[in-house]
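This report refers to the structure that appears directly beneath it.
Bear in mind that the values in this text are calculations on the coordinates, not laboratory data. Owing to the predicted nature of the structure, the values given are computational and were not obtained by experimental measurement. Quick reminder, even Gly has a Cβ in these numbers, built from the backbone with ideal geometry, and neighbours come from all protein chains shown.
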Amino acid sequence: MKNSIILNLLFVVTLNFSCAQNTDNKATAPKESVFTAKLFVDEVQIPWGFTFLPDKSILITEKEGKLIHFDDGKKTIIDNVPEVYNRGQGGLLDITLHPKYTENGWIYLTYASTDGNEKGGHTAIMRAKLKNSSLTEKQVLYKATPNTTKGQHFGSRIAFDNEGYLYFSIGERGERDINPQNIKRDGGKIYRIHDDGRIPKDNPFINEKGAKTAIYSYGHRNPQGLIKHPVTGEIWDNEHGPRGGDEINIIKKGANYGWPLVTYGINYGGTPITDKTEMKGMEQPIHYWVPSIAPSGMEYVTTDKYKNWKGSLLVGSLAFQYLERLVLDGSKVTAREKLMEGLGRVRAVKEGPDGYIYVAVEGKGIYKLIPKK
């Protein structure tokens with residue numbers, strides 16, 4: 001027993017020392033704020049995701065199952081939204097438009113769905129069109145199985161790449177020893193499909209017997225940020241670790257991101273999960289957080305409206321209730337900055353078509369960051 005305790009303590013000390021190599025640039029508050037946060041959409045309890053329509057109005061998902069259309073100060077509740085499994089971290093999740101939305105009108109949603117024979121729910125992705133404040137032509141493109149009544153790790157974010165492929169993430173649903181390393185099971189994966197739900201013929205596991213052929217990468221825990229890098233075209237994700245070990249990854253075809261065989265985190269009770277932070281054949285994150293910030297939405301800044309922000313990465317923190325700006329040199333994080341401290345749990349962040357940054361905060365709504373002159 002004593003030996004076991006000593007080994008655990010040694011592991012934690014070693015892990016913290018290892019992590020210190022990646023936390024030299026701890027997030028600090030800016031010396032002087034370069035913006036004012038103005039509440040732009042009020043009274044939205046959990047604005048999980050949002051996207052801008054071509055007319056600059058906003059579609060907002062509220063976790064409990066509401067889809068809100070915000071236009072010129074007015075909120076309209078959209079009808080015919082899919083029924084959601086609103087439990088724990090599950091509900092109505094991300095939303096995005098097809099890259100050719102002005103031509104085809106497709107809107108994409110991820111949500112926790114009860115469809116299936118088992119009790120509980122699992123993550124699904126749907127596309128639909130918006131007509132007269134109602135969703136029409138609804139098509140479920142993918143539904144993960146099996147359902148479970150567990151309330152954690154649904155994911156889920158959506159991104160399109162430059163070739164028009166659709167990526168979405170699903171967390172491992174609290175089944176870390178069963179799902180993330182098994183390509184025959186859903187959960188703990190990032191998926192790639194065509195915009196109509198067809199499986200691309202060059203997906204990495206298309207010829208693997210019994211595999212879930214929509215899988216593009218595996219070994220993930222709970223990816224809650226997913227974007228296309230606007231410069232390189234790469235797909236980047238961020239994901240929740242356990243106690244420590246949140247990650248930012250560049251997603252590669254067929255790659256294994258290690259969970260739970262390798263991690264920079266430990267169990268919530270302080271005991272080790274593994275003594276390995278890397279392993280042959282498994283990808284390393286480009287950045288990790290210790291302690292965990294519980295990352296949520298993510299955005300790459302392309303606008304010139306904020307001094308020195310262009311080329312930075314913005315990531316919401318649920319645990320510490322701030323927006324983090326990560327300064328990048330290519331794919332290396334060189335500095336970190338805390339923004340909007342204490343305002344609330346930051347759930348999503350987007351750069352709007354007007355070049356301003358918009359931030360969704362739980363219990364508040366969506367803020368617009370107005371640069372100071």
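Any residue at all in the range 194-205 that's in contact with a Pro (Cβ under 7 Å, 6 or more places away or on another chain), more than 24 Å from GLU163 (Cα to Cα) and not charged (D, E, K, R)? First the steps, then the outcome.
Step one: filter the range 194-205 for residues in contact with a Pro (Cβ under 7 Å, 6 or more places away or on another chain), giving 194.
With the extra rule that they be more than 24 Å from GLU163 (Cα to Cα), the set shrinks to none.
Looking for residues that are in contact with a Pro (Cβ under 7 Å, 6 or more places away or on another chain), more than 24 Å from GLU163 (Cα to Cα) and not charged (D, E, K, R), one finds none in the range 194-205, hence no.
Just name the residue that is nearest to the chain's Cα centre (by Cα) out of those in the range 139-161 that are among the polar types (S, T, N, Q) and not in a loop (DSSP other than H, G, I, E, B).
First, pick out the residues of the range 139-161 that are among the polar types (S, T, N, Q): 139, 145, 147-149, 152, 156.
Keeping just the survivors that are not in a loop (DSSP other than H, G, I, E, B) gives 139, 148.
Working: GLN139: 22, THR148: 21 Å.
Among them, the one singled out is THR148.
Are any residues in the range 183-204 in a loop (DSSP other than H, G, I, E, B) and buried (at least 19 other Cβ atoms within 10 Å of the Cβ), and if so, which ones?
Looking only at the range 183-204, we keep the residues that are in a loop (DSSP other than H, G, I, E, B), and these are 183-188, 194-204.
Across the range 183-204, the qualifying residues are ILE183, ARG185, ASP186, GLY187, GLY188, ASN203, PRO204.
Considering each of SER156, SER134, SER113 in turn, give the residue that is crowded, with 20+ Cβ neighbours inside 10 Å, touching a strand residue (DSSP E or B) at 6+ places or on another chain (Cβ under 9 Å) and closer than 20 Å to ASP79 by Cβ.
SER113
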Legend entry - Every residue from the range 256-278 that is more than 22 Å from LYS184 (Cβ to Cβ) and hydroxyl-bearing (Ser, Thr, Tyr): THR263, TYR264, TYR268, THR271, THR274, THR277
Inset, instruction - Output the residue which, of all residues in the range 266-310 that are in contact (Cβ under 8 Å) with a residue 60 or more places away in the chain and of a type in the set (Gly, Ala, Ser), is farthest from ILE227 (Cα to Cα). - result: GLY270
Legend entry - Per-region count, the range 162-182, residues in a loop (DSSP other than H, G, I, E, B) and either among the aliphatic types (A, V, I, L, M) or farther than 25 Å from LEU67 by Cβ (or both): 12
Inset, instruction - Consider only pairs whose beta carbons are under 6 Å apart and that are at least six residues apart or on different chains; among these, list those whose first residue lies in the range 320-339 and is farther than 17 Å from ILE293 by Cα and in contact (Cβ under 8 Å) with a residue 24 or more places away in the chain and whose second residue is among the hydrophobic types (A, V, I, L, M, F, W, C) and in a strand (DSSP E or B). - result: THR334/VAL327
Legend entry - Residue selected from the range 268-297 under the condition in a strand (DSSP E or B) and of a type outside the set (Ser, Thr, Tyr), by the criterion nearest to the chain's Cα centre (by Cα): GLY297
Legend entry - Criterion: hydroxyl-bearing (Ser, Thr, Tyr) and assigned to a loop (DSSP other than H, G, I, E, B) - qualifying residue of THR213, THR136: THR213
